[in-house]
Amino acid sequence: MLNIRRVLFPTDFSEGAALAFPRAAALAARHDAELHILNVKEGADIEESLPVSPEVLHGWLGDASEGAPTGAPDLSALSVVQTQVDADSPPEQIVAYTDAEDIDLVVMSTHGRRGVQRMLLGSVTEEVTRKVSCPVLTVRTDGAEAPALPVRRILMPVDFSDASETAVRHATELAKTYDAQLDLLHVVEQVVYPSAYGVDPVYLPPQEVIARVEKTLGEMAREDIGHENVKTSATVGYAPLTILDYIDENDIDLVVIATHGRTGLDRMLLGSVAERVIRRSSAPVFVVKPEQKSLLPTAPAEAPSDA
C-alpha cells in the first residue's frame, strides 16, 4: 500500500470541485490518512466559508437524501482539517500549503479546457500539477456526476523510461490496494521526418515491433510487478489519442501516468502526453512525478546474516 498520510482537497465551493471530493475522502479513509480541505479566497469575501458542516461534506459525497454512493467512506471516522486563506494566486497558495503541511497527495478537479481559453487563462489544476512536489490525482468534472468510486481497472501507459518505471510501481501498489486489474499499454509512434531533413525514414514492420514490445511488457508483468491480474497491450498510434480511446473503450476507472513537469516555452509549444491525458481523460488521473516525493512503501530491511 502507498504511504499516504495526508491528502489535500482544494475547493472553490463550485459543483465541479465537489465532484472530486469523493475520491479524496475515499483515499484518505483507505489509507487512514488526514484529509485536508483548503479554500483560497482571492480578495473579495465569498458566501461559503470553512469549516463546512458534516451535512455539507455528506452532500459532497453524493445526494444525501439517497445515501452515500457505493464505496463512499465513513466521514465520521476521518480526521478532517479545514483551512481558508486569503491569497491572490490560488495555485501558488495550494503549492505552499502542500509544502508546509507535508501533503502526500493532492486531489482536485479539472475542467478539461482546451484551445485559446486554456492557453490564455491557464488552469489552476495544471499549474498545481506542474509545481507541486507530490503526486496529484485529477478528476475531470465536465459531467454532472462524479466518477464511480469502485476502482476495478487501472491503466498504466508505459514508455519504458525511468519516469514510467516509477509510475508503474505506484500503479502496482494501487492495483493491490483496490484488488483491481492493471492494464499496461505501450503506444508505438511512427516517426516521419520532413524531406528537408535529408534523412530517409526508418521503417520497422509494425507486427515485429509490437511482438517485441508485448514480450517486454509480459516480462515486466511477471518479473517486476507480480500482481496477478495484469493485462498487457501494445499498438501503433498517436500516444495521447490512443490512451484516451483505450480509457473509454475499456471502462478504465483510474489512470496512472508519469510527468516530467516541464515549464516555460518548451511545455507551451510541445505540451506533454501526461497533460493532454489529464485535460481530456474521462477517468481520474493519478500523476506521478518521479523526481519529487515518492509514495512507495519502504522495502523491509534485510536481517543480518549469521557470522
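Miscellaneous remarks
- Spin-label proximity, R152 to region 222-254 - amide N less than 19 Å from point 7 Å beyond Cα toward beta carbon: 228-232, 246-254
- Efficiency of FRET between F160 and S53 - r from beta-carbon atoms, R0 45 angstrom, step 0.05: 0.40
- Sequence-distant residues sharing a close amide H with Q181 (under 5 Å, placed H): R153, I154
- Violating pairs (Cα-Cα greater than 27 angstrom) within the set K176/K293; K215/K293; K176/K215; K131/K215: K215/K293; K131/K215
- Residue-count net charge about D104 - beta-carbon cut-off 11 Å; Lys, Arg +1, Asp, Glu -1: 0
- Packing-based ranking, highest mean first, of 49-56, 183-190, 242-249 given that Cβ atoms within 10 Å are counted: 183-190, 242-249, 49-56
- Charged neighbours of L296, selected by a Cβ distance under 15 Å, balance to -1 (K, R count +1; D, E count -1).
- Relative packing of peptides 228-240, 96-108 - highest average C-beta neighbours within 10 Å first: 96-108, 228-240
- Net lengthening on full extension, K215/Y238 (0.36 nm per residue, minus Cα-Cα): 6.2 nm
- Other residues lying with their Cβ under 14 Å from the Cβ of L35 contribute a combined charge of -1, Lys and Arg counting +1, Asp and Glu -1.
- Between V85 and T298, the C-beta separation translates, for a Förster distance of 41 Å, into a calculated FRET efficiency of about 0.80.
- In plain terms, the chain from T177 to R222 could stretch by 14.3 nm, reckoned as 0.36 nm per residue minus the Cα-Cα distance.
Where a number appears in this text, it was derived from the coordinates with a stated rule and is not lab data. This structure is a prediction, so every number in the text was calculated from the model and none was measured. Cβ coordinates were reconstructed from backbone atoms using ideal geometry, including for glycine residues, and neighbour counts include every protein chain displayed.
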